[in-house]
Amino acid sequence: MTATMREFRDRATIAIEDVRLQTALEAATGRFCTARAAALAKLPWVEAMRDQFKAMRAATLANLAQHLEQFERQATAVGAQVHWARGGAEACAIVTGIAQRRGVTLVTKSKSMATEEIHLNTALAQAGIQPVETDLGEWIIQLAGEAPSHIIAPAIHKTKEQVAALFAQELGQTELPADIPALTAVARQMLRAKFLAAGMGISGGNLAVAETGSVVLVTNEGNGRMVTSAPPVHVAVIGIEKIAPTWDDAALWLSLLARSATGQPMSIYTTVVTGPKRAGDPDGPEEVHVVLLDNGRSQLIGSKYEEILQCIRCGACLNICPVYREAGGHAYGSPYSGPIGAVLSPLLFGLEKYPALPHASSLCGACKEVCPARIDLPRMLLELRADLVAQGLASPVEQFLEQGAALTMRSSRVWQFVTAMGRWGQRPLLQNGRLTLPASLNPVGERQLPHLAAKSFRELWRQGEV
Amino acid sequence: MTARTEILQRLRAQRREVNVPHPWQSRQRFDDLGQQFAAALTAVYGKVYLAASLEEASGQLGQLLAELGARRVVANDELLLSALDPAARWPDLVWHIVGQTPGDLRAFAAAADVGLSSAAAAIAETGSLLIASGPGRSRLVTLLPPVHVVLLPARLLITDLFTFIAARGGEMPANMTFVSGPSKTADIEQTMSIGVHGPKQLSVILYQE
């Protein structure tokens with residue numbers, strides 16, 4: 001997947017013209033924003049908490065190797081098997097390898113952005129293993145053969161009628177009523193059978209705690225509990241940056257995660273997995289594997305983009321973003337959409353593949369305001385725009401204008417010449433002292449720009465007028 | 001070079017000395033932990049029953065089982081529950097006590113009407129029950145049946161996650177879940193629907209000892 005300027009514009013246009021999608025996006029993102037604000041308002045000390053969280057995340061990344069090694073040591077001590085994957089292909093090979101060794105043909109999955117990122121389902125299917133997504137939203141888009149359009153509400157773009165049609169098809173029936181509780185009951189029944197039959201459960205990890213070698217999963221539906229409890233094997237795929245050194249840190253993390261995401265003080269189920277079942281445990285997986293996924297993350301450590309790794313995937317920046325709220329998730333052409341996706345996708349998957357995303361922002365700064373870790377997303381969007389130019393990835397027109405601007409501003413004589421030309425050239429466009437753009441650039445006729453003054457400040461200064 | 005070595009080398013090359021912030025201390029205060037717990041859990045569609053003694057709690061449990069029309073009940077083998085001897089108390093019901101009743105626990109739990117357990121702790125701020133795995137404590141008992149009933153002595157209530165972590169001691173169980181309400185989703189048209197994969201009903205009988 002990619003997001004060139006044209007692709008982004010085309011996909012965003014489709015989304016903007018889809019009245020039903022616009023209504024759904026507005027309602028959902030609005031509700032998430034209100035709920036988040038209300039949940040945070042109940043903690044008078046939440047700003048201090050966010051400061052502390054940011055400091056903790058920054059300190060963790062500065063010393064990430066040590067925390068990962070501690071995690072590995074602790075997880076291994078309780079019987080989990082820890083794997084390391086440089087990239088997506090390597091991670092997929094590890095997971096399919098475990099499944100094949102165990103003779104697994106059916107896998108149940110709980111929601112995981114990391115496995116979306118590496119296209120694990122495709123790899124499993126190619127190896128003859130059937131992956132079943134069990135988060136209701138993820139299952140809907142899996143049945144539809146689509147990508148998630150929101151980090152925490154992946155099927156935000158689907159209507160209940162569309163869901164009913166998908167479920168009916170899966171059940172081999174002609175029709176199902178488009179009734180939400182009834183559809184939920186259908187999903188419960190169909191997926192319950194899968195949970196109990198699966199030979200392996202795959203999850204992501206909201207965070208991993210180095211102190212005890214634990215993986216923490218946050219869900220509302222209970223599918224996270226199912227995939228880590230019912231099958232004989234559990235595999236968690238988790239990005240190397242999602243480490244909390246201690247349980248104190250994990251508590252801080254969990255205190256902000258659900259509140260920032262959905263406005264819940266705590267998600268319905270917060271599951272902590274620390275190795276396979278112990279002697280005496282009546283049930284639980286015999287094998288627990290943790291795949292630590294790099295996929296471009298370690299390259300960011302120590303760079304001007306390190307801060308992006310503080311992200312905990314709450315989705316608050318999507319909900320508040322005026323671009324995401326109009327363009328929707330699919331415009332970004334990546335599992336990661338919104339402001340976080342606009343920064344993360346080019347960094348993980350290649351700026352040349354996602355040249356439009358650094359521009360998919362008005363730089364209003366709302367994302368930074370709501371981020372629990374106060375990640376400076378606008379700064380990194382600007383850095384990426386500079387990288388686009390430096391790497392020759394900007395469009396020829398933009399390159400020409402940027403280089404022209406740089407040349408002009410470097411010398412006061414060129415500047416004076418160009419502004420003099422501009423003063424002369426702008427005359428046909430001046431209306432009532434405002435610069436009105438030609439109709440092709442200004443279809444509604446509302447856009448006006450300040451014009452170049454008759455005399456520059458330097459001239460006024462020289463002539464003693466200021 | 002293995003993936004592990006490569007990743008760790010790259011990270012170590014960028015290692016920096018930083019000040020690690022002091023752990024966050026709980027600032028939450030509640031006058032009545034039980035009241036706060038009940039309010040928080042009720043707000044997310046959990047049900048809370050208050051009892052003045054274990055005996056009263058067991059009366060409420062019997063009433064609840066009758067109201068639910070429960071036939072098959074699967075229960076974790078925990079001290080609090082064994083003191084109650086539920087199988088003897090309600091002999092009309094079909095009981096499966098983990099580790100005591102012979103037979104397939106998984107199959108019984110999958111077809112049970114009610115799962116009965118206690119908790120290792122409960123967090124007042126968020127109305128969360130801490131359910132831990134261990135000998136006699138099945139994960140499926142609290143997950144598969146449509147109703148999960150919890151007997152919770154008031155002494156297990158703590159303020160928030162931070163006080164829980166500060167008091168935490170010893171080893172972690174293989175599985176520990178903070179349960180904060182019945183299973184729910186809003187994945188279809190952002191409309192709340194209760195009871196997707198986990199229990200559709202969560203009832204807590206909170207009693208004084």
Run through the stretch A:30-74 and list the chymotrypsin sites (Phe, Trp or Tyr not before Pro) located in a DSSP loop whose Cβ has at most 14 other Cβ atoms within 10 Å. A:Trp45
Largest to smallest accessible area among A:Ile14, A:Ile238 [probe 1.4 Å]: A:Ile14, A:Ile238
Note down the accessible area of A:Lys353, probe 1.4 Å, to the nearest 10 Å². 90
Largest-first ranking of A:Asp51, B:Asp187 by accessible area, probe 1.4 Å, whole protein assembly kept, is A:Asp51, B:Asp187
Among A:Gln100, A:Ala27, A:Gln299, whose Cα sits farthest toward the positive end of the charge dipole of the protein assembly as shown (+1 at Cβ of Lys/Arg, -1 at Cβ of Asp/Glu, about the Cα centre)? A:Gln299
Measuring from centroid to centroid over Cα atoms, what is the spacing of the stretch B:190-208 and the stretch B:119-155 in Å? 12
Let me have the 222 nm mean residue ellipticity of the protein assembly as shown computed from DSSP H runs of 4+ only, each contributing -39500 (n - 2.57), with the sum over all residues rounded to the nearest 500. -13000 deg cm²/dmol
Assuming R0 = 51 Å, can you tell me the calculated FRET efficiency for the pair A:Ala37 and B:Leu50, based on Cβ-Cβ distance, to the nearest 0.05? 0.95
Which value in Å does the Kirkwood hydrodynamic radius of the stretch A:411-462 take, with 1/r averaged over all unlike C-alpha pairs and then inverted? 12.3
With only Lys, Arg, Asp and Glu charged, each at its Cβ (+1 for the first two, -1 for the last two), find how big the charge dipole of the stretch A:43-298 is about the Cα centre; round to the nearest 20 debye. 180
How big is the gap, in Å, between the Cα center of the stretch A:1-52 and the Cα center of the stretch B:36-112? 42
Semi-axis lengths, Å, the protein assembly as shown, gyration tensor of Cα atoms, sqrt of 5 times eigenvalues: 51, 26, 25
Excluding ligands, DNA and RNA, what is the solvent-accessible area per residue of the stretch A:411-462 at a probe of 1.4 Å, expressed in Å²? 84
Are there cysteines in the protein assembly as shown with no other Cys C-beta under 4.7 Å, and if so, which? A:Cys33, A:Cys92, A:Cys311, A:Cys314, A:Cys321, A:Cys364, A:Cys371
Where a label projected 7 Å from the Cα of A:Lys455 along Cα→Cβ would reach, residues of the stretch A:410-436 with amide N under 16 Å: A:420
The number of Lys pairs in the stretch A:43-298 whose alpha carbons lie under 17 Å apart, excluding pairs fewer than 8 residues apart on one chain, is 4
PRE zone check, label point 7 Å out along Cα-to-Cβ of A:Thr2, amide N under 17 Å, scope the stretch A:378-392, hits A:388-389, A:391-392
Within the stretch A:6-36: backbone nitrogen closer than 18 Å to the A:Ser395 label point (7 Å, Cα to C-beta): A:6-14
Computed about the Cα centre, the charge dipole of the protein assembly as shown from +1 Lys/Arg and -1 Asp/Glu charges at the Cβ has a magnitude in debye, to the nearest 20, of 1800
Where Lys and Arg each count +1 and Asp and Glu each count -1, what net charge lies around A:Lys158 among other residues with Cβ under 11 Å from its Cβ? -2
Would you mind telling me the antiparallel percentage of the DSSP bridges in the protein assembly as shown, rounded to 5? 35
Please list A:Thr96, A:Thr23 in order of solvent-accessible area, largest first, computed with a 1.4 Å probe with all protein chains present. A:Thr23, A:Thr96
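The values are calculated or read from the model by the stated rules, or taken from the named source; none is laboratory data. Just so you know, these numbers come straight off a predicted model, no measurement behind them. Glycine gets a Cβ as well: all are built from the backbone with ideal geometry, and neighbour counts include every protein chain shown. Heads up: the accessible areas ignore ligands, DNA and RNA and are worked out on the full protein's heavy atoms, side chains in. Shrake-Rupley method; radii C 1.70, N 1.55, O 1.52, S 1.80 Å.
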